[in-house]
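Encoded as structure tokens, the structure appears first; notes follow it.
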Amino acid sequence: MTTADRFGNYSIDADIFDEMFHADGATRDDWKGLQQTLTDLSTEELNAIQERVTRSFSNEGITFTVYGDDEADERIIPIDCVPRLLVEAEWRELESGLTQRLKALNLFLQDVYGESRVTKDGVIPQDMVRGCPQYRLEMRGFTPPQGTWVAICGTDVVRTNDGFRVLEDNLRVPSGVSYMIANRKAVKASLRRLYRASRVLEVENYGRLLLDTLRELAPGGQTNPTIALLTPGVYNSAFYEHMFLAGELGAELVEGRDLVVDDGFVCMRTTTGLRRVDVIYRRVDDDFIDPTVFRPDSVLGVPGLMDAYLRGNVALANAPGTGVADDKSVYAYVPDLIRYYLGEEPLLQNVETYLCRRPQELEYTLDNLDRLVVKKVGESGGYGMLVGPHATPAERAEYAEQVRANPADFIAQPTLALSRSPCLIDGNFEPRHVDLRPFILHGKTTRIVPGAFCRVALKRGSLVVNSSQGGGGKDVWVLEE
Amino acid sequence: MGRYLERADHLTRMLRLQAEALVDRPTGEIYSGWRRIYRSLDREPPGGGLELEPSQQGAAPQFQQTQTPSGQAQRRISDEYTLADSFTLADDLTFERANPNSLWSCFAWGRENARQMRHCISAEMWRSLNLTYLKLQRIRMLDIWLASPEGFYTETAEDIETFMGVAGATMYRDEGWHFMQLGRFIERAQLASGLLLAQLEEDKQSREHSESDWTTLLRVFHAQEAYMRTCGVEIRPEQVLDLLVTDPMLPNSMRRALATVSGELGAVGTGPDGASTEAANRMAGRLRSLVQYEWPDSDDKPKLLILIADLSWQLHGLVNAVYFDY
């Protein structure tokens, strides 16, 4: 079978940006090498490559576990062997925008837990900030090391015909970075010659950059602090990632029960006694990190941790309370925040967002429910959401009632035409919708590895990239120019 | 992890020899083998006891006997029952998930332990263990029963040996290594005392010793060649016991296992509570002295074996209390 045959079912829609092809069907220049490789491979060879990529995940045990009532189901995220390509210029554009955005968001957090100039100046409503469930009163008046509230960020970016758009900032405990690295390892081992010839920028040094970032947060400017990664435990679906990152950092992987606060300092239990911990990369949500301050029923946290933190005896990445900056309502204000704090125009645009708390935008939302995606503020992971075009009239009517009852709890966005990228489906190449989650590190400086976890909606026509609903992953190659 | 894999290794060796016995050993000996395995693991076989009618005790496989047609038919049924029973028992010990000592459970728990401390072991160890685990996920008892059960157990034993070799070649010799070894050799001492006790009990019940049972025992411990070199070809239970318990040069002897336990405990170093660490060291020393100095003059070997098993169990608890649950 020739490549032309294999692309026989590949449809190009001028309304949807295709990563590989121009709207007229011509291959983008930077994809021609990949296309040639795919031409040279037989169907059997392609299937063998896909099989090898998939098998590498099960052999390496890169899995996530779904716990049912009776038994645990260990799964792998399906990874498509065809990489998504970006050229360095596109990447630099993204990198600048992401750096600018995180800088502004850190300044915003410092401000809302400090003087609150931003609300006093009327840039963002005070009730939106203070009323946000993620706003932590305990953090008021506190300044974290380097002023870094968000040290590790995973931003969801999509591409449309109008360019890149930020869909969501994940500023609490973003996950997925281990998949970025695992995808790279599996795909480059299977497309060896092409990888070498393509001059792909490296992502495998992420662990080193993360270590440098965490070290910069150490109390008292220590240069070689003891770092621990706090995990909710082995039953957490992201446990593989926690373990992987602890290994990359050369840090101890600890659960809450492994840590104690002794005389205002956080220590971990070791076989030779207690040992002081200076920096904690915590993968436990705010609510659970300290039962004496947040949820008292939490068994995942460490009693007294917040006291040690607020005394400056230990650093936490990310700081508690960062969730106020990735709230879905606050999101709509991020471009204004960039202008306010940095005096610059945003380099990366938001997706157009309607705040239902504003009467006119509420009216517009209710009148156009069949065309919009409506999201509940404070929810995440696709919960509490209405995808208007896919909902029944009854579902829309029921949802409209909820919106009318509490408009401030909802935002609306147009249904996005996420860009598409070729995937190997049953021996042929077909376009599938994709998004992109690059990972941004922020300490004394901002560091971003040139790559991302690319999620892909593997079901034909689906826009849902979530792995629990038929989504998979792709490697992202940023090609050196 | 070390404990689970040692248990898997021990079980695999016993099951391989039991699978071999199914080919040509008399029915009575086959059942005796199953009883010994179950007794050593302190587990009730599925469906209850494995006692045979007195007339069946010495029954040989039907194909080795010349009988009348009606007699042949009777024994064929008996053999089929033996094989059917053996299938059920082997399945219980190999794939039964509700059996915490089955091969499947040992690998599942060993791998789960490894998963939880993956950053403390080498990537090669994880991969080696994970591949064997995935292999076990893909097969059923019937598959291996129809092909070659002894082949399957031999392969699995080789997988475990590979894992141990990979661990030895790649794991950093930090405390993680020493704790893994500690667990493994405490388990070895416990399993060995359990199996030797089960064999002595089997001898007591049949009021005579079976040479082939004791030979099998030597093979479980990879000790048959060493026995022949040091004691000759005559199988004497006392000499077999002495070799398996006290020989300083036999890799799988209890003496060597307990010497390793002491050594690893020393390598781990003092825990947060010095007094408790000392208590653990004393207990390990006492175990060594039981084997090395009390065993040769003891008139009551079973009692000594029970004491060794009991102290090994206590030592395991003490190590946990000293280093982890403080």
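Brief remarks follow.
- Most mobile listed residue (B:ILE144, B:ILE235, B:ILE37) in chain B, GNM with C-alpha springs under 10 Å: B:ILE144
- GNM result for chain B, Cα springs below 10 Å: residue of B:HIS119, B:HIS316, B:HIS222 fluctuating most strongly: B:HIS119
- Inter-part distance where the stretch B:260-323 and the stretch A:60-139 are each reduced to a Cα centre, Å: 53 Å
- Shape call, the stretch B:173-326: gyration tensor on alpha carbons, a/c limit 1.5: prolate
- Within chain A, the selection of entire DSSP H helices by a Cα span of 30 Å or greater along the long axis and an average Kyte-Doolittle value of at least -0.5 returns A:88-112.
- Derived scalar couplings ³J(HN,Hα) [the stretch B:113-118; Karplus, 6.51 cos²θ - 1.76 cosθ + 1.60; whole Hz; x for Gly, Pro]: 4, 5, 4, 5, 10, 4
- Bridge type composition, chain A - antiparallel percent by DSSP, nearest 5: 70 percent
- Those trypsin sites (Lys or Arg not before Pro) in the stretch A:97-163 that DSSP places in a loop and that have at most 12 other beta carbons within 10 Å: A:ARG140
- Inter-part distance where the stretch B:200-254 and the stretch B:155-186 are each reduced to a Cα centre, Å: 26 Å
- Percentage relative contact order, chain A, counting C-alpha pairs under 8 Å, at least six apart: 24 percent
- Exposure proxy ranking, count of Cβ atoms within 10 Å, fewest first, for A:HIS242, B:HIS178: B:HIS178, A:HIS242
- Annotation note: trypsin sites (Lys or Arg not before Pro) in the stretch B:81-130 located in DSSP loop regions with a Cβ neighbour count of at most 13 within 10 Å are B:ARG97.
- Nonlocal amide H pairs with A:THR292, under 5 Å, H built at 1.01 Å: A:GLY304
- Rounded Å value of the spacing that divides the Cα centres of the stretch A:415-481 and the stretch B:81-108: 45 Å
- Links that overshoot a 30 Å alpha carbon limit, given the list B:LYS135/B:LYS301; A:LYS188/A:LYS459; A:LYS188/A:LYS444: B:LYS135/B:LYS301; A:LYS188/A:LYS444
- Proxy reagent accessibility, fewest Cβ within 10 Å first, across A:VAL129, A:VAL302, A:VAL123: A:VAL123, A:VAL129, A:VAL302
- Helix B:211-220 axis versus longest C-alpha principal axis of chain B: approximately 40°, rounded to the nearest ten.
- 5 angstrom amide H check on A:ARG84, placed H, neighbours 5+ away: A:ASP475, A:VAL476, A:TRP477
- What you get for the stretch B:246-326, charging only the Cβ of Lys and Arg (+1) and of Asp and Glu (-1), is a dipole of about 140 debye around the Cα centre.
- Neighbour-limited loop hits for chymotrypsin sites (Phe, Trp or Tyr not before Pro), the stretch A:352-439 (at most 16 other Cβ within 10 Å; DSSP other than H, G, I, E, B): A:TYR383
- Rounded tilt (10° steps) of B:149-170 against the dominant C-alpha axis of chain B: 10 degrees
- Karplus 3J(HN,Hα) series, Hz, for the stretch B:229-244 with 6.51 cos²θ - 1.76 cosθ + 1.60 (x for Gly, Pro): 6, 9, 10, x, 8, 5, 8, 10, x, 4, 5, 4, 4, 4, 4, 5
- Two-decimal Rg to Rh for the stretch A:117-247 - Kirkwood Rh, Cα set: 1.04
- Along chain B, longest interval not containing exposed GluC sites (Glu not before Pro), exposed being DSSP loop plus at most 13 other Cβ atoms within 10 Å: B:52-207
- Entry note, chain B: relative contact order of 21 percent, from Cα contacts under 8 Å with a spacing of 6+ residues.
- Max mean-square fluctuation residue, GNM over chain B, Cα-Cα springs under 10 Å, options B:ALA123, B:ALA90, B:ALA157: B:ALA123
- When the square roots of the Cα gyration tensor eigenvalues are ordered a ≥ b ≥ c, the ratio a/c for chain B is 1.5 or more and a/b does not exceed b/c, which makes its shape oblate.
- Between helix B:27-40 and chain B: long-axis angle, C-alpha atoms, 0 to 90°, nearest 10: 20 degrees
- Karplus-based coupling profile of the stretch A:313-324, in residue order and whole Hz: 8, 8, 9, 10, 10, 7, 5, x, x, 6, x, 5, with θ = phi - 60° in 6.51 cos²θ - 1.76 cosθ + 1.60 and x standing for Gly or Pro.
- Least to most buried among B:SER212, A:SER329 (fewest other Cβ within 10 Å first): B:SER212, A:SER329
- Nearest-20 debye value, the protein assembly as shown charge dipole, Cβ charges on Lys, Arg, Asp, Glu: 1140 debye
- Scanning residues 5 or more positions from A:PHE453 or on other chains, those with amide H under 5 Å from its amide H are A:ARG437, with H placed 1.01 Å from N in the peptide plane.
- Cα Rg over Rh - the protein assembly as shown, Kirkwood: 1.06
- Debye intensity ratio I(q)/I(0), log10, the stretch A:433-481, q values 0.21, 0.30 Å⁻¹ (C-alpha model): -0.74, -1.03
- Rounded if a/c under 1.5, otherwise prolate or oblate - the stretch A:352-414, Cα gyration tensor axes: rounded
- Across the alpha-carbon atoms of the stretch A:121-181, the computed radius of gyration and Dmax are 15.6, 43 angstrom.
Only the coordinates and a few stated rules stand behind these numbers; no lab work does. A quick note: this is a predicted structure, and the numbers were derived from the prediction, not measured. Every residue, glycine as well, gets a Cβ built from its backbone with ideal geometry; the counts of neighbours run over all protein chains shown.
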